[in-house]
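Below is one structure, written out as structure tokens, with a few remarks after it.
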């Protein structure tokens, strides 16, 4: 999670890159499978984050962003300060994520990210195991 | 003087550690270490709030899930960033160097590490809100 010009959680699965680049470079099926999994997980995390976001004005839900890395093996879900500034608003996302002295924290990012992480790990393992098995039999 | 409603062992152990520390009391200049939801309406900066572990946390279920790994959130509210960081630095030295005795008889010991999550403005007080996370593991 990063605070600065925006607030987002990032999943950048480096070991996926390693697997894709080194072990299964020639296996188009693995690459398609992993990219599809990243897209699926990103969509789920985006939706879960939106579900948990406070909806007093709906501005934050409407300006929640999902951005993929160029290779589509990583993504970020979160908000950008410039979207708020462009609308003439203070960037107040950190106040509901972390709470203030008078209001409790209501963090939509961390629970959604943890759920997504578990979802991806389980299915990534399945993709890799299937690919290894396929290699072993020479399919 | 402290105001605690901690009902769970980790919360209690951390609370005991903080409230028994004379240098921290001096840093807070008469203000308190509070548990979440017990901050006095007339509390003056600087003060510390223990948000509680997953079990003892009064926040909604989705928020508890975010911290369901034996971690506490510790919030520091201070007049300025410099003061917040001085208090955080003291908390880190204190907690990272402490073994928590959950059972009181030396049989259930935990160590932990305090890390800085974010430093943001706190509009209600006009001061600074420093968010730290104290993650624990069995010794």
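The values are calculated or read from the model by the stated rules, or taken from the named source; none is laboratory data. Note that the coordinates shown come from a computational prediction; the quantities given were computed from them, not determined experimentally. Here Cβ is always computed from backbone atoms with ideal geometry, including for glycine, and neighbour counts include all displayed protein chains.
Could you tell me whether the stretch A:102-123 includes any residue that is more than 27 Å from residue B:51 (Cβ to Cβ) and without any contact (Cβ under 8 Å) to a residue 40 or more places away in the chain? Yes, the stretch A:102-123 has at least one match.
Here the stretch A:90-126 is the region considered, the condition is being more than 12 Å from chain B (Cβ to nearest Cβ) and either buried (at least 20 other Cβ atoms within 10 Å of the Cβ) or closer than 12 Å to residue A:54 by Cα (or both), and the residue that is nearest to the chain's Cα centre (by Cα) is A:116. Residues being within 14 Å of chain B (Cβ to nearest Cβ) and surrounded by 17 or more Cβ atoms within 10 Å (Cβ to Cβ) are represented in the stretch A:66-80 by at least one member. The listed residues are B:17, B:2, B:98, B:119, and the only one of them that is under 13 Å from the mean Cα position of the chain (by Cα), surrounded by 14 or more Cβ atoms within 10 Å (Cβ to Cβ) and modelled with pLDDT of 85 or more turns out to be B:17. Given the condition modelled with pLDDT of 90 or more and under 30 Å from residue B:35 (Cα atoms), answer yes or no: does some residue in the stretch A:58-67 qualify? Within the stretch A:58-67 (the criterion being modelled with pLDDT of 90 or more and under 30 Å from residue B:35 (Cα atoms)), the answer is yes, since at least one residue qualifies.
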